[in-house]
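**Student:** One structure, as structure tokens, below. Some questions next.
Nothing in this text is a laboratory measurement; each read-out follows from the coordinates by a stated rule. Since the model is a prediction, treat every value here as computed from it, not as a measurement. Cβ sites come from the backbone with ideal geometry, for glycine too, and all protein chains shown count toward neighbours.
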Amino acid sequence: MRHATVDRAIARVLLLGGVATLVVTTSIAYRSLGELTGYLTDPLTPRLQEADATGLWSANLMLLQVLLLARLPWLERAWGRQVLTRWHRHLGTWSVWLMLLHVLLFVVQRVSHEPERTGSALYRLFVTEPWMWAASLGTVMVLLVVVSSILEVRRRLRYETWHLLHLWAYVGMAMALPHQLVGQELGRGWTGVYWWSLYLVALAGLVWFRVLVPLHRTWRSDLRVDRVRQEQAGVVSIEMTGRHLDELGAQPGQFLVWRFLAGRAGLRGHPYSLSSAPSGGRLRVTVSTDGDGGRHAAGLRPGTRVAVEGPYGALGDLPRRHPRLLLLAAGVGITPFRALVEGGRFAPGEVTLLHRVPDARHVLLGDELDELAAQRRMDMTVLSGPRRAHGSWLPEGVDGSDHEVLLRLVPDLLECDVVVCGPFGWSAAVRRAARAAGVADRDVHTEEFGW
């Protein structure tokens with residue numbers, strides 16, 4: 001708990017630092033209070049200064065985006081990947097709109113000054129002026145990543161394809177940013193120091209926590225596949241052994257990004273949750289064999305080296321507000337809960353588990369869950385069968401509305417912290433039911449089993 005308090009304190013300081021950068025950026029864009037006041041009193045008459053300001057704000061937000069997902073351990077442990085990803089998306093939305101407005105304002109400014117030579121004016125703007133060709137290409141690359149992040153598009157892409165596209169986003173941002181420091185006052189004096197410092201801090205955070213730290217942990221732990229066990233059709237467990245695994249600091253319920261170094265597919269990272277509490281120099285994950293990553297994992301041989309990044313996620317040390325804990329899982333989303341129940345410090349009867357499965361005859365890790373339920377006096381209910389219509393989280397044949405059934409299954413629901421792990425649509429349905437039953441949004445934590 002002491003470490004959790006320290007993490008949250010550091011996270012708040014970093015949050016304040018991020019807000020401070022936006023204040024400084026605004027002061028750079030508007031050199032005096034009078035200039036800012038002039039814009040606020042007449043915002044419908046944009047000037048060249050507004051074109052610069054929107055570009056600076058966009059760049060600032062892009063750099064904050066990078067830091068949010070640079071795997072800074074204090075942020076990961078304090079707020080969890082779900083919250084950080086949501087903030088990342090919000091900042092990305094604002095950053096892209098500001099970037100487009102930045103481009104539009106410059107286009108309007110150039111065309112209005114040279115109406116008779118529109119084509120040549122725009123060619124100079126986007127191609128021939130210093131670094132503008134790179135900025136134009138980088139903007140296109142960032143926009144392609146934005147399109148791939150739209151929910152309906154993202155669901156049609158394999159995780160590996162989507163992840164590769166997002167790696168190109170870093171290249172796009174790097175190409176789009178330098179033009180602002182060429183031929184302007186921004187590249188000189190304290191403003192130049194400020195902007196280069198922002199870039200270097202973002203780059204350092206990215207390289208340190210996403211490259212150097214994982215490389216060191218991989219070398220130090222010397223993880224290798226011990227065996228691959230078929231759990232049921234389409235699901236396997238991968239057991240690994242290594243050295244100094246306690247130094248990873250992995251807690252039950254957390255996930256890591258794994259690279260099983262066999263063949264070309266071994267360079268791709270896959271976020272899998274631990275399915276058992278770390279112990280005795282062993283780690284285990286249980287994964288679906290759907291997709292290229294899952295099929296690759298199912299074919300691993302003993303002795304295969306494993307590169308690891310993490311651990312991530314706040315599930316292992318959630319801030320609790322209530323005396324009881326309700327876990328709701330669907331499908332492979334049960335895996336982090338199985339580890340959490342095994343390794344967590346819970347009083348007998350403190351935990352209730354609702355497990356949604358397609359078929360009661362094939363409950364993933366069913367025997368292990370039954371044993372844990374008996375040991376921990378955990379109230380466990382398996383809800384089996386095809387999912388009923390209209391976006392419900394329940395199976396067919398269950399009487400009552402979604403929130404009525406939830407209250408019936410868990411009479412002390414309002415005394416529980418609620419944690420949900422499953423596919424996007426199912427998790428959203430559970431959240432709606434919990435809200436309708438009177439559970440506050442802040443008491444529901446979602447670990448969506450998806451990307």
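**Student:** Show me, for the range 163-180, the HN-Hα J-couplings you get by feeding each phi into the Karplus relation (A = 6.51, B = -1.76, C = 1.60, θ = phi - 60°), rounded to Hz, glycine and proline as x.
**Tutor:** Rounded to whole hertz, the list is 5, 5, 4, 6, 5, 5, 4, 4, 5, x, 5, 4, 6, 7, 7, x, 4, 6.
**Student:** In percent, what relative contact order does the range 315-384 have, based on Cα pairs under 8 Å that are 6 or more apart in sequence?
**Tutor:** After rounding, I find 36 percent.
**Student:** Normalised by the residues of the chain, what does the relative contact order come to in percent, with Cα pairs under 8 Å and at least six apart?
**Tutor:** 11 percent
**Student:** Same structure again: Given an 8 Å cut-off on Cα distances and at least 6 residues of separation, report the relative contact order of the range 317-448 as a percent. Walk me through the numbers before you get to the answer.
**Tutor:** Values: 211 pairs, mean separation 37.9, N = 132.
Relative CO of the range 317-448 lands at 29 percent.
**Student:** What are the residues whose amide H is under 5 Å from the amide H of HIS445, where those residues sit 5 or more places off or on another chain and H is modelled from the backbone?
**Tutor:** Those qualifying (amide H under 5 Å, at least 5 residues apart or on another chain) are VAL418, VAL419, VAL420.
**Student:** Where nothing but the Cβ of Lys and Arg (+1) and of Asp and Glu (-1) is charged, how large is the charge dipole of the chain around its Cα centre, in debye to the nearest 20?
**Tutor:** 820 debye
**Student:** 5 Å is the cut-off here: which amide hydrogens, built 1.01 Å from N in the peptide plane, fall below it relative to HIS322, excluding neighbours closer than 5 in sequence?
**Tutor:** Residues meeting the criterion, in which the H sits 1.01 Å from N, are ASP417.
**Student:** Quick one: Cα centre-to-centre distance for the range 195-246 and the range 399-451, in angstrom?
**Tutor:** Centre-to-centre distance over Cα atoms comes out at 32 Å.
**Student:** If amide H atoms are built 1.01 Å from N in the plane of the peptide, which residues on other chains or at least 5 residues away come under 5 Å of the amide H of ARG227?
**Tutor:** Correct list: GLU239.
**Student:** Restrict the search to the range 382-431; then list the chymotrypsin sites (Phe, Trp or Tyr not before Pro) that DSSP places in a loop and that have at most 16 other Cβ atoms within 10 Å of their Cβ.
**Tutor:** none
**Student:** How do LEU372, LEU267 line up, fewest other C-beta atoms within 10 Å first?
**Tutor:** The fewest-first ordering by Cβ neighbours comes to LEU267, LEU372.
**Student:** While we're here: For the range 317-411, compute Rh as the Kirkwood radius over C-alpha pairs and then the Stokes-Einstein diffusion coefficient at 4 °C and 1.567 mPa s; write the answer in µm²/s, rounded to an integer.
**Tutor:** 92 µm²/s
**Student:** Counting other Cβ atoms within 10 Å of each Cβ, which trypsin sites (Lys or Arg not before Pro) in the range 343-451 have at most 13 and sit in a DSSP loop?
**Tutor:** When the trypsin sites (Lys or Arg not before Pro) of the range 343-451 are filtered for loop state and at most 13 Cβ neighbours within 10 Å, ARG345, ARG361, ARG377 remain.
**Student:** While we're here: If you take Rg/Rh (Cα atoms, Kirkwood Rh) from the coordinates, which of [x] 0.96; [y] 0.98; [z] 1.03 do you get?
**Tutor:** Calculated Rg/Rh (Cα atoms, Kirkwood Rh): the matching label is [z].
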